[in-house]
Amino acid sequence: MEKTRKKVITESIITFIFFSVIGLVLWQTQGHSFFLYNFAYIGFAAGFGELLFGILPRDKKVLGRKISQLMIGIYMLGVLGFLGRENMQIEGFFFYLLAGVFSGPVLHYLIAKIGGTLLFGRGWCGWACWTTMVMDFFPWMKPQNGRLKYWGIFRYIHFIVILALVLTLWYNYEMQDFDKHPVIELNWLIIGNLAYFLVATALTVILKDNRAFCKYVCPIPPLMKIGSRFSIWKIKIIKENCIECGLCEENCPMNIKLLNYMNNNQRVLSTECISCQQCVKVCPENAVKYTKGYDFGFKEHINYLDKK
């Protein structure tokens, strides 16, 4: 049976309260009411998406996640980024962190992409990322082929290049006052995101895979994978209910061999899981659940193109 309507509503309210409490604490400690409005909105968007995912029919559930992505992604990129003129990309985080400035990028990364992974793993990637909020409107959420082995190394190379660039500009070109130049930040944000969207679109179309950018190029996963290994919320397949039809694996946008974890009596411990819950949506026996618990593992079971 699917979650009862009452349970779904309760969990969506808890999500809203959770983020609102973060905003309230920051408001009281930092002295800015903006924190309360900011996190209350994010909590509402996440909770609303969670509510829709829970109550909509199976074939419509993905709308809940997409609406959450749009509400959070547009707000983060459009309002905080373009209108607020803060570089919400990873280089903005590095610059502000070096400056010791408690700004939007630092707050966002510390809560959503570092601390938050200990709770929700890479849920940000599945429910809030502003790049994939666009890519997920392409028709290839279900991968057409296995994953390209070794291509994931480009994510780490990208991460290292960005960090090296920031450190070079910071120490050799005296960009310690990066936060005092909103025009530079805005231009960097615009150019950087245009490049990301162009690359993401090209990869999506060429590989027929909505998550190609996430798998092979995005510099954020190397940061998120550390905490997500220990996340409290993970996918679990109930072996007694599973008929091993393989639909969950066929529809996993990250090419995870979900049944391997089930056969090992484990929850899905892969740090590639983005908590999109496509597997939950397609399971005909309701054997796939999004559960909380305490576990971790280091073995990645991935369906690669050259390894069936």
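The values are calculated or read from the model by the stated rules, or taken from the named source; none is laboratory data. Note that the coordinates shown come from a computational prediction; the quantities given were computed from them, not determined experimentally. Here Cβ is always computed from backbone atoms with ideal geometry, including for glycine, and neighbour counts include all displayed protein chains.
Observations, loosely collected:
- Here I220 meets each of (1) in contact with an Asp or Glu (Cβ under 6 Å, 6 or more places away or on another chain); (2) crowded, with 18+ Cβ neighbours inside 10 Å with one exception, condition (1).
- Condition check for K236 on (1) closer than 24 Å to D59 by Cα; (2) at pLDDT below 95; (3) touching a Lys or Arg at 6+ places or on another chain (Cβ under 6 Å): one failure, at (2).
- Inspection of the stretch 92-101 finds no residue satisfying the criterion of being closer than 30 Å to P284 by Cβ and touching a residue at least 24 places away in the same chain (Cβ under 8 Å).
- Check on V199, at pLDDT below 95, more than 14 Å from the chain's Cα centre (by Cα) and among the β-branched types (V, I, T): no
- Sole exception among (1) outside any helix (DSSP H, G or I); (2) within 21 Å of F120 (Cα to Cα) for N210, by number: (2)
- Hits in the stretch 284-298 (condition: touching a Phe, Trp or Tyr at 6+ places or on another chain (Cβ under 8 Å) and among the hydrophobic types (A, V, I, L, M, F, W, C)): F296
- Only residues that are assigned to a helix (DSSP H, G or I) and either among the aliphatic types (A, V, I, L, M) or modelled with pLDDT of 95 or more (or both) were counted across the stretch 149-195, and they come to 24.
- Selected residue [surrounded by 15 or more Cβ atoms within 10 Å (Cβ to Cβ), more than 16 Å from the chain's Cα centre (by Cα) and free of Cβ contacts under 8 Å to residues at least 40 places away in the same chain] from V166, V106: V106
- Residues in the stretch 227-250 that are in a loop (DSSP other than H, G, I, E, B) and in contact with a strand residue (DSSP E or B) (Cβ under 6 Å, 6 or more places away or on another chain): I232 only.
- The stretch 259-308: number of residues that are acidic (D, E) and either buried (at least 19 other Cβ atoms within 10 Å of the Cβ) or on the phi > 0 side of the Ramachandran plot (or both): 1
- The residue list I114, I55, I74, I67 contains one member that is outside the structural domain of F19 (by TED's automatic domain parsing) and surrounded by fewer than 23 Cβ atoms within 10 Å (Cβ to Cβ), which is I114.
- Selection count where residues are over 15 Å from V62 (Cα atoms) and assigned to a loop (DSSP other than H, G, I, E, B), scope the stretch 267-308: 24
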